[in-house]
Amino acid sequence: MWPQRVTATVDLSALRHNLQRVREYAPASRVMGALKADAYGHGMVAVARALDDGLDAYAVACLEEAEAIRAAGCRTPCVLLEGPLHPQEIETIAARGEPVVLHADWQLQALRTLRCATPLPVWIKLDTGMNRLGFRPDQARRLAQAVSANPALKLLGWMTHLANADAAESAGTQAQLTRFFAATDGLPGARTIANSAGLMAYPQARVDWVRPGIMLYGASPLEGHTASQDGLLPTMRVESRLIAMRDVPAGEAVGYGSEWVCAEPTRVGVIAMGYGDGYPRHARSGTPVQVRGQTVALIGRVSMDMITVDLRNCPQAQVGDTAVLWGGGLPVESVAEHAGTIAYDLFCGLTNRVHYHYESET
């Protein structure tokens with residue numbers, strides 16, 4: 001079998017370490033781990049199996065994701081964060097018994113005629129300032145009454161989502177917390193507020209449940225931080241290889257658009273990964289890549305299948321050498337910053353040309 005062109009190696013022991021960090025931040029909270037979007041590009045089934053005995057619930061976006069986790073034999077409840085997406089889904093969701101998040105009146109209306117042997121567990125989402133999904137906070141008491149009046153429903157609790165928790169001491173976040181606590185004061189059910197940034201930066205958001213996502217996958221959710229600063233371990237290492245080298249004279253350009261011009265004679269390396277594999281096309285010259293453990297710089301435009309790098313400070317490089325695009329000693333946060341994006345985008349953007357491998361100490 002020939003070598004694989006681009007690989008993503010996922011360290012499941014690092015994943016479990018990061019879950020332990022969640023528990024250290026919020027020891028009194030139950031944990032709903034975000035496995036939506038194929039576990040942020042890490043492989044939903046593999047991650048679900050690795051964490052099935054460590055999480056109290058999985059958070060997924062839709063019924064299809066929950067069904068894939070169930071088919072893999074995992075028994076941890078799957079919370080459908082967007083609730084039923086269409087009235088036609090309701091009977092199937094009720095038959096599965098998966099907890100759902102309700103965020104709109106049409107969902108409540110569609111559930112009025114639900115008939116099921118066991119009440120469907122529901123979370124109610126309040127929009128405290130994200131202005132995306134959720135009921136107005138002043139509707140909380142009406143909603144509690146509507147759910148309690150429907151014998152087909154069982155209220156689990158109340159949810160909101162923080163818009164600016166990645167910024168420390170955000171006035172907007174403080175306002176959201178105040179609105180949420182005021183709206184749910186005295187109402188039955190559990191509370192859940194904190195995503196990764198919220199549970200790390202805002203102790204008052206560590207309530208009955210927390211909902212970590214990106215920190216499970218070994219990237220910091222906080223502005224200007226890297227995983228190592230927050231005691232997290234990178235879970236994904238993306239690698240390819242150096243497939244060509246050439247010496248380019250001073251004054252010659254490299255790549256599409258001839259945007260990067262050699263100021264002096266330059267040894268240029270070609271690495272077999274491009275936007276067709278999920279490397280960000282908008283990554284700018286200077287984005288770090290590692291060859292033989294040495295940090296080198298991306299130069300020129302990203303192509304569909306290749307990138308080019310400046311090898312002047314890695315004279316020992318040879319065709320066939322491993323190139324690390326992120327992970328290991330190359331923080332994904334640094335690559336994301338140079339590409340004008342976030343770690344979530346890099347993780348989720350890997351395409352089906354990338355081969356996944358899973359490592360674990362157990």
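The values are calculated or read from the model by the stated rules, or taken from the named source; none is laboratory data. Please read these numbers as outputs of a predicted model, since none were measured by experiment. Cβ coordinates were reconstructed from backbone atoms using ideal geometry, including for glycine residues, and neighbour counts include every protein chain displayed.
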Q: Output the number of the condition that residue 336 fails; it satisfies all remaining conditions of (1) touching an Asp or Glu at 6+ places or on another chain (Cβ under 8 Å); (2) in a loop (DSSP other than H, G, I, E, B).
A: (2)
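Let's see how each residue does on (1) at pLDDT 95 or above; (2) closer than 22 Å to residue 209 by Cα:
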residue	(1), (2)
58	yes, yes
87	no, no
97	no, yes
109	no, no
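One line per residue, one yes/no per condition, for (1) under 17 Å from residue 61 (Cα atoms); (2) of a type in the set (S, T, N, Q); (3) in contact with a strand residue (DSSP E or B) (Cβ under 9 Å, 6 or more places away or on another chain):
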{"position": "97", "(1), (2), (3)": "yes, no, yes"}
{"position": "103", "(1), (2), (3)": "yes, no, yes"}
{"position": "106", "(1), (2), (3)": "no, no, no"}
{"position": "109", "(1), (2), (3)": "no, yes, no"}
{"position": "113", "(1), (2), (3)": "no, yes, no"}
{"position": "120", "(1), (2), (3)": "no, no, yes"}
{"position": "137", "(1), (2), (3)": "no, no, yes"}
{"position": "147", "(1), (2), (3)": "no, no, yes"}
Q) in contact with a helix residue (DSSP H, G or I) (Cβ under 7 Å, 6 or more places away or on another chain), in a helix (DSSP H, G or I) and of a type in the set (S, T, N, Q) - does that describe any residue in the range 12-19? A) yes
Q. Is one or more of the residues making up the range 228-248 farther than 30 Å from residue 266 by Cα, in contact with a Gly (Cβ under 6 Å, 6 or more places away or on another chain) and surrounded by fewer than 23 Cβ atoms within 10 Å (Cβ to Cβ)?
A. yes
(Q) Can you tell me which condition residue 192 does not meet? The list is (1) touching a residue at least 60 places away in the same chain (Cβ under 8 Å); (2) surrounded by fewer than 15 Cβ atoms within 10 Å (Cβ to Cβ), and all the others hold. (A) (2)
Q. Given (1) surrounded by fewer than 19 Cβ atoms within 10 Å (Cβ to Cβ); (2) closer than 30 Å to residue 16 by Cβ; (3) in contact with a Phe, Trp or Tyr (Cβ under 8 Å, 6 or more places away or on another chain), where does residue 158 come up short, assuming only one miss?
A. (1)
Q: Within the range 129-180, count every residue that is touching a residue at least 12 places away in the same chain (Cβ under 8 Å) and of a type in the set (D, E, K, R).
A: 6
Q. Right, residue 223: surrounded by fewer than 17 Cβ atoms within 10 Å (Cβ to Cβ) and more than 28 Å from the chain's Cα centre (by Cα) or not?
A. no
Q: Identify, from the list 92, 113, the residue that is surrounded by fewer than 22 Cβ atoms within 10 Å (Cβ to Cβ), of a type in the set (Val, Ile, Thr) and closer than 26 Å to residue 49 by Cβ.
A: 92
(Q) Would you confirm whether or not the range 134-141 contains a residue that is in contact with a His (Cβ under 8 Å, 6 or more places away or on another chain), at pLDDT 95 or above and in the same structural domain as residue 193 (by TED's automatic domain parsing)? (A) yes
Q) If you scan the range 269-306, which residues turn out to be assigned to a loop (DSSP other than H, G, I, E, B) and among the hydroxyl-bearing types (Ser, Thr, Tyr)? A) 275, 279, 285, 287, 303
**Q.** Of all residues in the range 116-150 being small (Gly, Ala, Ser) and loosely packed, with under 12 Cβ neighbours inside 10 Å, the one that is farthest from residue 79 (Cα to Cα)
**A.** 149
Q | Which numbered condition residue 251 fails, given (1) in a loop (DSSP other than H, G, I, E, B); (2) within 21 Å of residue 338 (Cβ to Cβ) | A | (2)
Q: Check 287, 266, 235 and return the single one that is in contact with a helix residue (DSSP H, G or I) (Cβ under 6 Å, 6 or more places away or on another chain), touching a residue at least 40 places away in the same chain (Cβ under 8 Å), farther than 30 Å from residue 25 by Cβ and of a type outside the set (A, V, I, L, M).
A: 287
Q: Kindly check whether there is at least one residue in the range 43-52 that is modelled with pLDDT of 95 or more and basic (Lys, Arg).
A: yes
Q. Inside the range 163-175, can you point out the residues that are of a type in the set (S, T, N, Q) and either part of a loop (DSSP other than H, G, I, E, B) or more than 25 Å from residue 333 (Cβ to Cβ) (or both)?
A. 164, 170, 174
(Q) I'm checking my understanding of the structure. Among residues of the range 320-362 that are among the polar types (S, T, N, Q) and closer than 15 Å to residue 41 by Cβ, which one is surrounded by the most Cβ atoms within 10 Å (Cβ to Cβ)? (A) 341
